[in-house]
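The values are calculated or read from the model by the stated rules, or taken from the named source; none is laboratory data. Model, not experiment: these values are computed from the prediction. We place every Cβ from the backbone using ideal geometry, glycine too, and count neighbours over all the protein chains shown. Note: areas computed on protein heavy atoms with side chains; ligands, DNA, RNA excluded. Shrake-Rupley method; radii C 1.70, N 1.55, O 1.52, S 1.80 Å.
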Amino acid sequence: MGLFSPLNPRLAPWPGLRVWVIGASTGIGAATAGALLAAGARVTLSARSSDKLVSVAHGHARARIEALDFTKTDEIRAAWGRILQAWGGCDLVLVVAGTHKQMRAWELTAADADALLAVNLHGPIATVATVVPALLAQGNGAIAIVSSVAGYRGLPKALIYGASKAALINFTEALYFDLHPQGLGVYLINPGFVATPLTAGNDFTMPHLITAEAAALEILRGLERGDFEIHFPRAFTRQLKLLQLLPYRLYFAAVRKATRL
Ligand SMILES: NC(=O)c1ccc[n+]([C@@H]2O[C@H](COP(=O)([O-])OP(=O)(O)OC[C@H]3O[C@@H](n4cnc5c(N)ncnc54)[C@H](OP(=O)(O)O)[C@@H]3O)[C@@H](O)[C@H]2O)c1
């Protein structure tokens, strides 16, 4: 592999590609499923709210719906079985689903932490465990996982959310080592702030906030380029990448100053 060649297969052109989007009922997942359908892909839309999936699919001939709760492994397995039966394979499994709850140390409960980790960490891991054998048997195909810039380093108010996303970044990096040599694509998607139901309750000004449609476009372009990490908006993520390099004393001071927390 050359120094400037993409780390992943370039996912394009979209017409004919079969994509499973988990978390397609609202926000970034809904916008990405819509953008993929508009670009000509075949898309299976999953999440728990089947009514919302139906409205995102908008009667599209290339859309399929598989309502599921991806914290339940048997539901992922059943949906995956039906996808393979309907399509005879799959080119991209895009795991977008996640949840968020602001938490500080004095609010932490084991039950809240478990509930968040079930969605943000165990759901994606169970999905990957389910789909990898068939993708390896195909000898091609890809997995893309939406984590967050909140996983780069510890942040106030993101006590368990940040930990779940840091774990997901590490998990996706480790997946790349195993699956890239086998011919599979592994993409890590780290958005900054995106206006969705998930961030609607945030009680602070979100810097560089973008729309879900803009996020979807960034995701499609990143997949088309074959990037490993698809992070956006760049004006924000570049600042966070600099913060990542700071020693703790400077990092803590910079975040305290920016957040006043
Ligand atoms: N918005 C941001 O600023 C931002 C920034 C960085 C990263 N992210 C990440 O981007 C992803 C999407 O977030 P969003 O902002 O678009 O939030 P959102 O609008 O709340 O979307 C979350 C999606 O996940 C689905 N979901 C939640 N629990 C599920 C479960 N148990 N089984 C199946 N589907 C489930 C939801 O559908 P149902 O409720 O219908 O099941 C919905 O489709 C998340 O992983 C989030 O952490 C968001």
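Computed from the C-beta positions of HIS60 and GLN102 and an R0 of 45 Å, the FRET efficiency is 0.80 to the nearest 0.05.
The label point for ALA253 and the one for ASP51, both projected 7 Å from the Cα toward the Cβ, are 5.4 nm apart. With R₀ fixed at 25 Å, the C-beta to C-beta distance from GLN239 to ALA129 puts the FRET efficiency at about 0.10.
Phi angles across the stretch 193-208 convert, under the Karplus curve 6.51 cos²θ - 1.76 cosθ + 1.60 with θ = phi - 60°, into 3J(HN,Hα) values of 6, 10, 6, 8, x, 5, 9, 4, x, 5, 9, 9, 6, 8, x, 6 Hz, Gly and Pro given as x. Under a 5 Å amide H cut-off, with hydrogens placed 1.01 Å from N, GLY185 pairs with GLY141, ALA142, ILE143 among residues at least 5 apart or on other chains.
Put a dot 7 Å past the Cα of SER5, heading toward its Cβ, do the same for TRP87, and the two dots end up 2.6 nm apart.
Leaving ligands, DNA and RNA out of it, report the carbon-plus-sulfur percent of the accessible area of the stretch 1-122 at a 1.4 Å probe.
Working: 3260 of 5850 Å².
The C+S portion of the solvent-accessible surface of the stretch 1-122 is 56 percent.
Per-residue 3J(HN,Hα) values for the stretch 230-240, derived from phi via the Karplus relation 6.51 cos²θ - 1.76 cosθ + 1.60 with θ = phi - 60°, read 9, 10, 6, x, 4, 4, 8, 5, 4, 5, 5 Hz in sequence order (x marks Gly and Pro). Taken along the Cα-to-beta-carbon direction at a fixed 7 Å, the label points for ASN140 and LEU209 span 4.2 nm. Taking 0.36 nm per residue of separation and subtracting the Cα-Cα distance, full extension of the segment from ASP74 to ALA111 would add 11.1 nm.
With 18 Å as the limit, write out which pairs from LYS101/LYS165; LYS52/LYS157; LYS157/LYS257 have Cα-Cα distances beyond it, or answer none. Mind showing how you got there, number by number?
Numbers: LYS101/LYS165 13 Å; LYS52/LYS157 29 Å; LYS157/LYS257 15 Å.
Listed pairs above 18 Å: LYS52/LYS157.
Under a 5 Å amide H cut-off, with hydrogens placed 1.01 Å from N, ALA39 pairs with nothing among residues at least 5 apart or on other chains. What the phi angles of the stretch 166-181 give under the Karplus curve with 6.51, -1.76 and 1.60, with θ = phi - 60°, is a coupling list of 4, 5, 5, 5, 4, 4, 5, 4, 5, 4, 4, 4, 7, 8, 4, x Hz, glycine and proline written as x.
Per residue, the convex hull spanned by the alpha carbons of the chain comes to 130 Å³. A cut-off of 5 Å between modelled amide H atoms, ignoring neighbours fewer than 5 places along the same chain, links HIS231 with ASN190.
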